[in-house]
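Colleague: Provided herewith is a single structure, encoded as structure tokens, for subsequent inquiry.
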Amino acid sequence: GRTTQMGQTRNSAKTADIVIIGGGIIGSAIAFRLAQAGVKVAVIDRGEPGSEASGAAAGMIAPQGEMLEPDPFFELCKTSRDIYPDFVAEIEDLSKESVDYRRDGTLLVAIEAHECEELEHIYTNQTRLGLPLERLTGADALKRVAGLSPQIKIALVVDGDHWLDNERLAGALVKAGEKAGVKFHWRSTATGFKVEGGRVESLQATDDRKGGSLTFSANQFVLAAGCWSKPLAAALGISLGMEPCHGQMIEFETCNELPCVVRAGIHYLVPRRGRTVLAGTTPEYVSYTNLTL
């Protein structure tokens, strides 16, 4: 690339077999597997590791808790959950970091009539499929997890739904990817594509740390930028049905360690290390300019 007297890089060209746009858990996991297969991979991300949705999630691996009707997407999620323990063990071994993967199960609780009907629906559909579930009365739920509301009418124990510390997983995936040969470019914002003959030839990006621009040439490109994928795909004439969603969570300490995840509809309590608990969430569909506080 061309360098100014101040040391800033201008129009620096980078090449790889595959360039991945987005360095969250999805993009980093794809890059890790490709590098293991001997592919030269570059990942670019507009932020730092885990700075977007991958760091803000609660870390639940919970397809059963969200399955009202069986469909192909549920089968995909269930298959992913079933291979997650081996995946996590591999990442922890390579990164030498723990991601606090826990298999203590999830407790789904209901108070209002419509919530009880939903849990009954989940129980009926999943037991028909042979999926393990345990149905509890409200009193039994209070015995299972101390401190819950006595207003709870029914609850379901889902032993197969697990959770982990997603912030730790995001960091561990980057370390494992780097060991496998992935080149990460943080604080590099994708701005557009160069298209020739109906295919993407290169990607343009800004270097937000050093200034200047970067050009990434590759045989293939993977778009894994979360909600930011929509405007990038629009530049190629592709319409993606997604909208940015903003939400809040609170983290606090409890008197006693929470023994499992507790969920009521879209709301949840998720244990972290020790007596720390995450509580969420509030979905707000906002514009891209309002995504950061």
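The values are calculated or read from the model by the stated rules, or taken from the named source; none is laboratory data. Source: prediction; values computed, not measured. Please note: Cβ atoms are built from the backbone with ideal geometry, for glycine as well, and neighbour counts cover all protein chains shown. To get the accessible areas, we keep the full protein, side chains included, count just its heavy atoms, and leave off ligands, DNA and RNA. Shrake-Rupley method; radii C 1.70, N 1.55, O 1.52, S 1.80 Å.
Colleague: With axes computed from alpha carbons, what is the tilt in degrees of helix 25-36 against the longest principal axis of the chain, rounded to the nearest 10 within 0 to 90?
Modeller: 60 degrees
Colleague: Between the range 227-293 and the range 103-121, what is the C-alpha centre distance in whole Å?
Modeller: One Cα centre to the other: 20 Å.
Colleague: Which angle from 0 to 90°, rounded to the nearest 10, does the C-alpha axis of helix 72-95 make with the longest principal axis of the chain?
Modeller: Taking Cα atoms only, the helix is inclined about 70 degrees.
Colleague: Right, another one. Before I look further, what does the chain give for accessible area per residue, probe 1.4 Å, in whole square angstrom?
Modeller: Details: 15490 Å² over 293 residues.
For the chain, the solvent-accessible area averages 53 Å² per residue.
Colleague: Nearest 10 degrees is fine. How inclined is helix 166-180 to the longest principal axis of the chain, computing both from alpha carbons?
Modeller: Roughly 40 degrees, rounded to the nearest 10.
Colleague: Sticking with this structure for a sec: So what's the net charge close to R273: Lys and Arg +1, Asp and Glu -1, counting the other residues with Cβ under 14 Å from its Cβ?
Modeller: Numbers: positive: R102, R168, R272, R275; negative: E97, D100, D104, D165, E167, E251, E253, E257.
Combined, the nearby Lys, Arg, Asp and Glu give -4.
Colleague: Sort K183, K78 from largest to smallest accessible area, using a 1.4 Å probe on the heavy atoms of the protein chains.
Modeller: Numbers: K183 120, K78 50 Å².
The residues order as K183, K78, largest area first.
Colleague: How large is the helix-only mean residue ellipticity at 222 nm for the chain, computed as the sum of -39500 (n - 2.57) over DSSP H runs with n ≥ 4, divided by its residue count, in deg cm²/dmol to the nearest 500?
Modeller: Details: 7 runs with 84 residues, N = 293.
It comes out at -9000 deg cm²/dmol, rounded to the nearest 500.
Colleague: Report, for the chain, the % of DSSP beta bridges that are antiparallel, rounded to 5. Mind showing how you got there, number by number?
Modeller: Working: 41 of 60 bridges.
Here the share of antiparallel DSSP bridges comes out near 70 percent.
Colleague: Next up: Which of these, H246, H114, H162, has the largest mean-square fluctuation under a Gaussian network model of the chain (Cα springs below 10 Å)?
Modeller: Highest fluctuation among the options: H114.
Colleague: Ok, one more. Cut-off 10 angstrom, C-alpha nodes, Gaussian network model of the chain. Which of Q36, Q151, Q126 fluctuates the most?
Modeller: Evaluated over the chain, the most mobile residue of the options is Q151.
Colleague: Report the net charge of residues surrounding A57, where surrounding means a beta-carbon distance below 11 angstrom and charges are Lys +1, Arg +1, Asp -1, Glu -1.
Modeller: On the way: positive: none; negative: E52, D165, E167.
Local net charge: -3.
Colleague: Another question, then. Leaving out ligands, DNA and RNA, and with a 1.4 Å probe, what % of the accessible surface on the chain is carbon or sulfur? Numbers along the way, then the final one.
Modeller: Numbers: 8140 of 15490 Å².
Taking all protein chains in place, the chain shows 53 percent carbon and sulfur surface.
Colleague: Around F32, under 12 Å between beta carbons, what's the net of Lys plus Arg minus Asp minus Glu among the other residues? Display every interim value, and only then the final one.
Modeller: On the way: positive: R33, K175, K179; negative: E90, E178.
Overall, the nearby charge balance is +1.
Colleague: Which shape class, rounded, prolate or oblate, goes with the range 177-267 when its Cα gyration tensor gives a ≥ b ≥ c as root eigenvalues, a/c under 1.5 marks rounded, and past that a/b bigger than b/c marks prolate? Mind dumping the intermediate values first?
Modeller: Numbers: a/c = 2.69, a/b = 1.91, b/c = 1.41.
It is prolate, given that a/c is not under 1.5 and a/b is the larger ratio.
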